[in-house]
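Taking it in order: structure first as structure tokens, then the write-up.
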Amino acid sequence: MVVLIPLAKIAIAISILLFIVTYLVYFERKISAWIQDRIGPNRVGPYGLLQSPADVLKLFFKEDIVPSAATKFVHSLAPVISLTVAMSTYAVIPFGPDIEIFGQKVRLIVADVDVGILFILAFASIGVYGLTLSGWASNNKYSLLGGLRSSAQMISYELSMGISVVGVLILAGSLRIYDIINSQQGWMWNAFIQPIGFITFVVAAFAETNRLPFDLPEAEPELVGGYHTEYSSLKFAMFFLAEYANMIIASCLITTLYLGGWHLPFIDSATLSYGLMPLISVMIFVAKVLFLLFFFIWVRWSIPRFRYDQLMNLGWKVMLPLSLLNLMWVALLVYFFKI
Amino acid sequence: MFNNLAENFYMIEQYIPLILAILVALLFSLFLLKASSLFGPQKPNVEKLTTYESGMEPIRTARERFSVKFYIIAMLFIIFDIEVVFLYPWAVNLKILEDKLGFFIIAEMFVFILILLVGYIYLLKKGALKWD
């Protein structure tokens, strides 16, 4: 039982994750088309709905090219690191309150560990290796530059991300994500209490997921494809999958840390364990995550890419002091208002 | 003694699902890695396997020296990240400690951050974060 129940949860969670990734790609293409006044994919299936599954199938039957100059083992290792990291961090994120199935209490989380946040930050750091190693192993100038840029960018923004989280930890008094969500009932969303921390965290999340305006590692006009220039077939798909999975996890994290998880100001959380309420709270959580995903796409098609020195300046000279300021703000709030 | 043991077992038990999740993710990635050479055609030739350089003949390798800036950023990251890790236990216990110790516990961390800021200002003045 110790193994079976988690395995069942993992199977369900991974299928949901893969399903969302597939349709996230579809909606990204559709929304970008609408923003640019195009139609977007509309050939495969009704409204182009089968476009993404078709693309995945196509990638399965593409030739896997490993350049002769590349370091073979590391070239294969890099996508494995990226994808493993991206597909295991979901495990510590709860997406609803406890529910009852057949009289058994079920927690809507795969692994309810007491260092949830720490685990996510640690694994996000390992993810940097995937990009850096892929850039180095390809032995291609574009890849190397992309890998270098991505590693420098990700570690720079990880700092402000880590410091922003400290503000949340002060108010929750715990690293467990359940406790963090439950500390934000009613109007006590962290986004309202510590707006600076919220903004720095969201910006850092964009940088960590390599999304525009921070997608310098793969800036297509100057670096072709960046770190995945020399990858084809399913190895390319693995990077792609990892990127979109990271986006989903980042949205979940923003929701749990700053937007109150499944809490809404006007819905009384005391009644959450009865009848339909668990279902409604899961829907609230999913709605917030979907909105954030839309926000990711929206920003991508609204804001141009940074220049590299601007990116580093923003990270070290704006985000870092701001997140420290947020930390002091929260500490003073605790002292003066005892929240 | 036994009580302690049971507690330790709980500590480990909560990580079993996490380890399973990582294993499943690893197996999934390895499956995709294997599948990439399983289904597709395998017709390599010299031209196809050369390094991509916008259609030109590749000039030397990519394994050359690159800007020292990246090393500096990496070193700075290590320093600051360790400081961030020091903040975590303080943050988690702040509310409890604040009840007992009052402003002292907050002032402590402000002093810590101040020391961090001195180093940060030194970096700025040294131009370690200048990109041009």
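The values are calculated or read from the model by the stated rules, or taken from the named source; none is laboratory data. In this text the structure is predicted, and so the values were computed from the model without any measurement. Methodologically, a virtual Cβ is constructed for each residue, glycine included, from the backbone with ideal geometry; neighbour enumeration extends over all protein chains shown.
A compact table of results
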| item | result |
| --- | --- |
| Selection within segment A:300-314 - within 14 Å of chain B (Cβ to nearest Cβ) and not hydrophobic (A, V, I, L, M, F, W, C) | A:R307, A:Y308, A:D309, A:Q310, A:N313 |
| Criterion violated by A:P53 - all others in (1) more than 21 Å from B:L27 (Cα to Cα); (2) assigned to a helix (DSSP H, G or I); (3) in contact (Cβ under 8 Å) with a residue 60 or more places away in the chain satisfied | (3) |
| Segment A:1-26: number of residues that are in contact with a Leu (Cβ under 9 Å, 6 or more places away or on another chain) and either surrounded by fewer than 18 Cβ atoms within 10 Å (Cβ to Cβ) or within 14 Å of chain B (Cβ to nearest Cβ) (or both) | 8 |
| Among residues of segment A:237-258, those that are over 8 Å from the mean Cα position of the chain (by Cα) and within 30 Å of A:Q185 (Cβ to Cβ), counted | 5 |
| Residue count, segment A:199-217 (criterion: surrounded by fewer than 24 Cβ atoms within 10 Å (Cβ to Cβ) and of a type in the set (F, W, Y)) | 1 |
| Residue pairs meeting the criteria (Cβ under 7 Å; at least 6 apart or on separate chains; first on the phi > 0 side of the Ramachandran plot and at pLDDT below 90, in segment A:287-303; second outside any loop (DSSP other than H, G, I, E, B) and loosely packed, with under 14 Cβ neighbours inside 10 Å) | none |
| Residues of segment A:11-39 that turn out to be over 18 Å from the mean Cα position of the chain (by Cα) and farther than 25 Å from A:S232 by Cβ, as a count | 11 |
| Criterion: more than 7 Å from chain A (Cβ to nearest Cβ) and without any contact (Cβ under 8 Å) to a residue 60 or more places away in the chain - qualifying residue of B:L33, B:L129, B:L49, B:L116 | B:L116 |
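Residue-by-condition table, conditions (1) surrounded by 21 or more Cβ atoms within 10 Å (Cβ to Cβ); (2) at the interface with chain B (Cβ under 8 Å from one of its Cβ atoms):
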residue: A:P53; (1), (2): no, no
residue: A:E63; (1), (2): no, yes
residue: A:E100; (1), (2): no, no
residue: A:G127; (1), (2): yes, no
residue: A:R149; (1), (2): yes, no
residue: A:S156; (1), (2): yes, yes
